[in-house]
Each structure stands twice: as structure tokens, then as C-alpha cells.
Amino acid sequence: MKKLTLTDFYNYTFLSGLTFSPDKSKALLMTKKCDKANNSYKSDLWLFDPATKQTKPLTSAGDVGIFTWLNDEEIIFTAMRDAGLKNKVAGGETWTVVYKLALGGGEAMEYFRLPEIVTGIKVLDNENFVLTISNNSNRPDIEAMEGDEKAKALAAQKAEKDYEVVDELPFWGNGAGFTNGKRSEIHLFNKNEGKLKPVSVYPLSSRITDVKDGKILYIVSKFEKGKTSLKNSLWLYDIEKGENTQLVPQDKWSVRNAGFTGVDKIFVQATDNAKHGMNENALIYLLENGEMVPWCSDDISWGSSVGSDCRLGGGKSLYSCEYGVAFTSTERYNSVINTLTLDGNRVILPMKNGSVDCFDKGGDGVLYFIGMRDNRLQELYSYKNGAEEKLTSFNDAVYEDVSTVVPDYFTYENDGVELDGWVLKPVDFDENKKYPAIFDIHGGPKTVFGDVIYHEMQVWANMGYFVFFTNPRGGDGRGNEFADIRGRYGKEDYSDLMKFTDEVLERYPQIDKDKVGVTGGSYGGFMTNWIIGHTDRFAAAASQRSISNWISMAYISDIGFYFAEDQVASTPWTDMDLMWEQSPLKYADKVVTPTLFIHSDEDYRCPIAEGWQMFSALKYHGVEARLCMFKGENHELSRGGKPLHRQRRLDEITNWFEKYLK
């Protein structure tokens, strides 16, 4: 049997966007595959028929953007296939082209185009749509110009590319670049008239949550004194009347989601962030006569926080119908589907371990989901009466004659708290031999490891390493109290990680305790930086997209101005010492561990200055260190970066551990 290799991820198929047709008779899903030759990904649509349990490809050009059902027999999607228009976009113009494809056959035909950046489409009927548009208030309407006027505007825009002028906070966003003056707007669009009618416009930034029976629910965020507000409001737009009504005011709630349910009810997921800060789990309410009435008081970890480097794309995490809602939640270390009826009865469906990455309900009443099961990559599954059935085989060929390792799972205790941990043994494990090991730490911190496959971990296990990982306090899936470590970064979370390391070394004497490495990204990178400043037990470290200094991160990161204040419970003006106490950079003079730093130059979540600072501090103190910067990448490098860059990243980390652990 062949060993899984670092480059095998080029063969993976990533699934997302499962969506049933209006009549619920068939479903769409998107596949993405690495295109190594172009250092990108190919995105195509597939059709699933529940009656035959068969899938078939609908597109093959690999260029599908956003997509949705137009009606029961036609779909629409965005793509850029017109060579002339491509040249205009390359020259600085802004366009979106929507194509229509009939399921019965034939080529996709252009349906309409707009001189806008369309980021979302909701279908009202074959001619009318609700569009989400990204608008830059600092940019003139170049596409409406002609002749010399357009040429001059394009030339001025090109000349301005050498400068960025900002007057807002945040001024950039991870994966979005500079966002100053940009807003997400909602417009009605009639295809035949070719005209947009605004529902919400600048200076507001809006997000659609649901559309039903001629009404649009959307969340509005405001900028106040040049800074985005952490509270937001919920609005209802009546298309026929052309009227907006505020349902939830701006000043109290952080509204996470909202939708229509039952015959005429509206639900709202919201929190005031008062007790547990910005990561506090939202409660779910029903709007009754303008008041927020609790629907379910459970402490729910909404959505799936189960991490993996084998996903690309999202999809539905909530489905609303006449009886209430179905939704995904993270329960300890698995994500599962729940149902909540209008009378407030919540049921967590009994499902296999793994992740539910997105789901929808078919016309047969069966739930269908894209997920990870049995230590394997994503596939489409059905769920009915407690039984799951695998329906696709997109990734089956990956496992033919290739070795993968199923991790051992166990629980351990620290400070009286039961915690979850996993260990992958090396391929061809021999209990009489000694092996090096790698400790992998998740990001967040409010995420979890679970019973799902991680490519990097499987690669290392196939190279002869033990790999171990755990869910320390601060993570998701176990309620607000477990997740809340504000002001205590590096305290109980660090204690949990060290206790787990002790436990692993005791349970697996085949691990050479002098050849153990540690790595992690984002919060995991922060914790890697923290660990090397507090212990010398690890022979090597690889710190990825990390935080080293809360004081600098707070005012460079796209989320820093509120995330840092919330998570470390201080600002430079209220308690500089507390921020510094929780910053790994403070302890850099104690580091002796050879450390690799991985960072992207367009990471605006944990900006590259964080990596540079820790790297420079280690070099200053004579510690062996190396930094690999990835140009044109952001915080998502390990999960959604360009394929060749993902390969180089894992090469860098693996080679570092090969050097110091073997």
C-alpha cells in the first residue's frame, strides 16, 4: 500500500453549496479541484437526483462563481467568459455576468450583465432578483461613462493605484484588501428593464438573511464616527410597498442571523455580548409584537466549528420551514443537525461522528448533507430516521491503495475539567520502536478539532511521526463558560495543552520525548509563540499566521480594534500591562526552541508584523529561526491558498521538523 504524500491534495475534490430546487426534486452542489498548471482552483456544478441517487456534471469550464436556482428546470451562475469584457475588467472596469443553464441540455447562455460587483443573488421570479452588490463610494461610475470621459477616469484610477487613503476603521479586511469606503448594498433588479432599485445603500453595510413572499430580511451595520459599530439592526423590506421597517434597533443587539419560519413568524439569533463578550453564543428569539421573545434558551454553539484543511466553500447551516427550523451546531467535537419546533422543542439528531459542512432538505422529507465521515474526505450523505447513507464517491479514488491513519481518541482531566484528545500513530507503527511527534494546535480559539481528516496530519503520520491534538478550554462546542478565557490567554489553555502533552507521552512510550515539535495557526500560532517562551520541552516549533503582540495586533488587524480589547480584556489606555502580560513577545528572551514562522503578506487578520516581530526577537536573542512569507496570500493560506503555495507551506513546515526531530 502506498503512503499518502504531501502532494496528494491535488487529487482531492472539495464539495460545497448543496441547494435544492424550488420544488425540492433535485439539488445542486459545487465541486472545486486544484488546477496545478494555473495555480488556482476549478469550480463546477453538479446535479443530484434523489430519486435515482445519481449525480451528473452540469458545467466543465471550471469558472463558476456564485450560483442559484432560477426555477425548477434552470439555474443561473456568475462567470467571466467574454474575452472583450475580461479585457475591460483587466483595464479597471467592474462587471458581473450571469449565465443561464437549462437542465435539459444545451450550452449556458448569457442571461444578463451588470456594471457592478455582485456578491449574492436571490431569485424572485425569472425576471426579478434581489442582488447584494459591493459598492465603493470612493470610485466614480466609470462604466456609465463614454469616450474621453471614461478614458480619463480609467487613467486617473490607474494613477491612484499607487496610493491608499483611509479614514475608517477597519480600513482593510482579510481576503478583501482595502475596504475603506466600500459597502455591501442590497438592490432590486429587473432583468428586462436593466435597472437597479436600492433597498439599502451607503453609508450602511447590509447582509440579506432571508427572502420570502415579497419580503426581504436583512441585517444593517453602521459606521459611527468612522468606525464600524459592533451592534447592528434588523430590517424588513416590503417589495410591493417599497417600504423599510426596522424590526430590531441598533443600540443593543449583535444580530447574527434572522429568517422567516412557520406561517408568519420571524426568528432572530442575537446576543448583547454582555456576559461572555464578542464570542458569546447567540440565543434564538421569535419576534412578537415588536418584542424579542425567547424561543429556546439552550446555550447553542451555532454552526460547525470542526476544523479541517480539506474544505473549500460553505453552504446552508440553517433551514427554515413551516414547523420551525433545522440547523447545525457544534456538540463537543462533532457538528450535527438540530431541529427546533415552534413550541420550543429542540432535538439534537443522533448522527455519526464527523462534520456536517452544509445541508438542505429534499422534497421527500429527507435531510441531505455534505460532510466528513470515517476519517475520509467530503461526500454527499442522506439522513433519515437516524440512518445515514453515503450517496457520492467524489473522493473514493483518493483512498485506493493509500494508507491513512484513524486517530486514537481519549479523554483526560485538568483542573477537574474533562477534555478531549486524539493521537495518530505513525503508519507501519511498531510498538518496539521510538518515533518523533508533532503537537498540532487549532485556531480560534473558539473552534474545535474533531473526528475528521486533516491532510497535514496524515502526511506527517505517513512520514513516521506521531501526531497529537486536543481541544483546550477556550474552544467551541461546550458552551459559553468553557469558551470564555478573556483576559486569561496563556493561563488555563496553556495548562490544558501541557497536561495533554504529559498524558500523550505517558500513554505512548514509543514517542521520543526529546523529539517532539509543536505547531499551530492563528490562535494556534499565538499558542505556539507562547509555548516556546514558557518551556523548552519542544525540540522545534512552526508558528503560523500568529499573534505575538496584542498591542500591535489591536490596531493593525482588521478585527483587532474590538477583538483584542475583548479577548485580552484591556487596551493600551486601560491596562497596558495586562495586554503585554498576554503577549508572547514579552517572553521572547526566554526562547531556545528553533522556530519556523509562516506568514502571508496580505494576512489582515493576524498581520505579518506579528510574525516579523517574533522572528526578529528570536534572531536578536540568538535563537535559530526562519520566516517564510507568502506573497499574495492571506489568513486562509493553509485552507484556501493557491495550490502551489499550500504545497510550499507544508513543505516548509515538514522540512523544518525533519531537520530538528529526526
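The values are calculated or read from the model by the stated rules, or taken from the named source; none is laboratory data. In this text, all values refer to a predicted model and were calculated from it rather than measured experimentally. Counting neighbours? That spans all protein chains shown, and the Cβs are built from the backbone with ideal geometry, glycine included.
Quick notes
- Test: residue 51 is under 27 Å from residue 105 (Cβ atoms) and either exposed (fewer than 13 other Cβ atoms within 10 Å of the Cβ) or free of Cβ contacts under 8 Å to residues at least 24 places away in the same chain (or both): yes
- Any pair with Cβ under 8 angstrom, 6 or more apart, that starts in the range 204-227 at a residue that is within 26 Å of residue 170 (Cβ to Cβ) and ends at one that is loosely packed, with under 14 Cβ neighbours inside 10 Å and among the charged types (D, E, K, R): 226/167
- Leading residue by the ranking (surrounded by the most Cβ atoms within 10 Å (Cβ to Cβ)) among those in the range 142-164 that are in contact (Cβ under 8 Å) with a residue 24 or more places away in the chain and under 30 Å from residue 608 (Cβ atoms): 157
- When the range 98-131 is limited to residues that are modelled with pLDDT of 95 or more and assigned to a loop (DSSP other than H, G, I, E, B), the one that is surrounded by the fewest Cβ atoms within 10 Å (Cβ to Cβ) turns out to be 125.
- Residue match in the range 392-402 (condition: of a type in the set (Gly, Ala, Ser) and either more than 20 Å from residue 334 (Cβ to Cβ) or surrounded by fewer than 21 Cβ atoms within 10 Å (Cβ to Cβ) (or both)): yes
- Any hit, the range 475-495, residues being among the hydrophobic types (A, V, I, L, M, F, W, C), closer than 22 Å to residue 657 by Cα and crowded, with 22+ Cβ neighbours inside 10 Å: no
- Counting only strands (runs of 3 or more DSSP E) that sit completely within the range 347-408, those holding 1 or more residues that are out of contact with any strand residue (DSSP E or B) (no Cβ under 8 Å at 6 or more places or on another chain) correspond to 387-390.
- Those strands (runs of 3 or more DSSP E) of the range 1-97 in which 3 or more residues are among the aliphatic types (A, V, I, L, M) and farther than 30 Å from residue 428 by Cβ occupy 27-35.
- Residue that is closer than 29 Å to residue 647 by Cα, exposed (fewer than 15 other Cβ atoms within 10 Å of the Cβ) and aromatic (Phe, Trp, Tyr), where the choices are 409, 435, 465, 454: 409
- Matching residues, the range 594-604, being closer than 19 Å to residue 519 by Cβ and surrounded by 24 or more Cβ atoms within 10 Å (Cβ to Cβ): 595, 596, 597, 598, 599, 600, 603
- Extreme residue, surrounded by the most Cβ atoms within 10 Å (Cβ to Cβ), among residues of the range 3-33 that are of a type in the set (Phe, Trp, Tyr) and farther than 12 Å from residue 368 by Cα: 14
- The criterion of being part of a helix (DSSP H, G or I) and among the charged types (D, E, K, R) does not hold for residue 633.
- Test: residue in the range 210-229 that is closer than 22 Å to residue 22 by Cα, buried (at least 20 other Cβ atoms within 10 Å of the Cβ), more than 24 Å from the chain's Cα centre (by Cα) and modelled with pLDDT of 95 or more: yes
- For the range 551-567, the count of residues that are modelled with pLDDT of 95 or more, in contact with an Asp or Glu (Cβ under 9 Å, 6 or more places away or on another chain), within 30 Å of residue 227 (Cα to Cα) and in a helix (DSSP H, G or I) is at least one.
- Residue list for the range 619-657, restricted to those being over 17 Å from residue 545 (Cβ atoms) and free of Cβ contacts under 8 Å to residues at least 60 places away in the same chain: 619, 620, 621, 622, 623, 624, 655
- Filtered residues of the range 396-453 (kept if under 17 Å from residue 376 (Cα atoms) and either of a type in the set (Gly, Ala, Ser) or without any contact (Cβ under 8 Å) to a residue 24 or more places away in the chain (or both)): 396, 397, 399, 400, 403, 408, 450
- Enumeration of residues in the range 479-534 that are assigned to a loop (DSSP other than H, G, I, E, B), of a type outside the set (Asp, Glu) and over 18 Å from residue 594 (Cβ atoms): 479, 485, 486, 487, 488, 489, 490, 491, 508, 509, 510, 522
Here is a yes/no grid of residues against (1) more than 30 Å from residue 400 (Cβ to Cβ); (2) touching a residue at least 40 places away in the same chain (Cβ under 8 Å); (3) small (Gly, Ala, Ser):
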| residue | (1), (2), (3) |
| --- | --- |
| 36 | no, yes, no |
| 76 | yes, yes, no |
| 89 | yes, no, no |
| 95 | yes, yes, no |
| 98 | yes, no, no |
| 108 | yes, yes, yes |
| 118 | yes, yes, no |
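- Residues within the range 333-352 that are surrounded by fewer than 17 Cβ atoms within 10 Å (Cβ to Cβ), touching a residue at least 12 places away in the same chain (Cβ under 8 Å) and of a type outside the set (Gly, Ala, Ser), tallied: 6
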